[in-house]
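Quick one: the structure is below, and I'll ask about it shortly.
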Amino acid sequence: MHVLVPIDDSDPADAALEYAVTEFPDADITALHVIDPYETSLSSWLGGDEFSERLEEDAAELLAAATERAAEHDTSIDTERVVGKPSTEIPKYVEELDVDRVVIGSHGRRGSARVLLGSVAEQVVRRVPVSVTVVR
């Protein structure tokens with residue numbers, strides 16, 4: 001079984017990773033970080049290559065921390081990072097790399113906050129052809 005855990009620097013993403021490594025200890029688990037192109041394009045206005053490099057460094061640190069958290073549960077994980085819109089790149093990754101399940105964190109926003117901010121978790125649930133576990 002291949003489990004994908006999209007991660008960012010948030011408590012719900014941490015909870016999703018924790019859930020995946022405890023509920024699927026024998027699975028192949030991949031932590032995926034998507035660097036949002038909005039931040040990347042904004043970087044050229046704010047600081048060019050330096051800001052882009054910082055986003056890459058932040059992604060590397062985030063994925064290294066995820067690997068360490070998984071190791072605390074005696075589980076090893078793979079890590080990947082891609083650049084794109086999370087709600088597009090996560091389903092794309094699922095389909096291209098034969099993922100069996102997605103475990104994704106959600107802030108649990110409701111009402112106008114969800115409408116204004118969108119919900120990557122909700123879009124992933126709607127777009128992927130595999131089971132999705134949403135962790136708050």
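Since every read-out is calculated from the coordinates, none of them should be taken as a lab result. Not measured: the values here are computed from a predicted model.
Would you please give the residues with an amide H less than 5 Å from that of residue 24, counting only those at least 5 places away or on a separate chain, with H modeled from the backbone geometry?
none
If amide hydrogens are placed 1.01 Å from N in the peptide plane, which non-local residues have theirs closer than 5 Å to the one on residue 31?
Amide H neighbours of residue 31, under 5 Å, 5+ apart: 5, 78, 79, 80.
Tell me which residues come under 5 Å, amide H to amide H, from residue 106 once H is placed; ignore anything under 5 positions away on its chain.
Distant-sequence amide H within range of residue 106: 135, 136.
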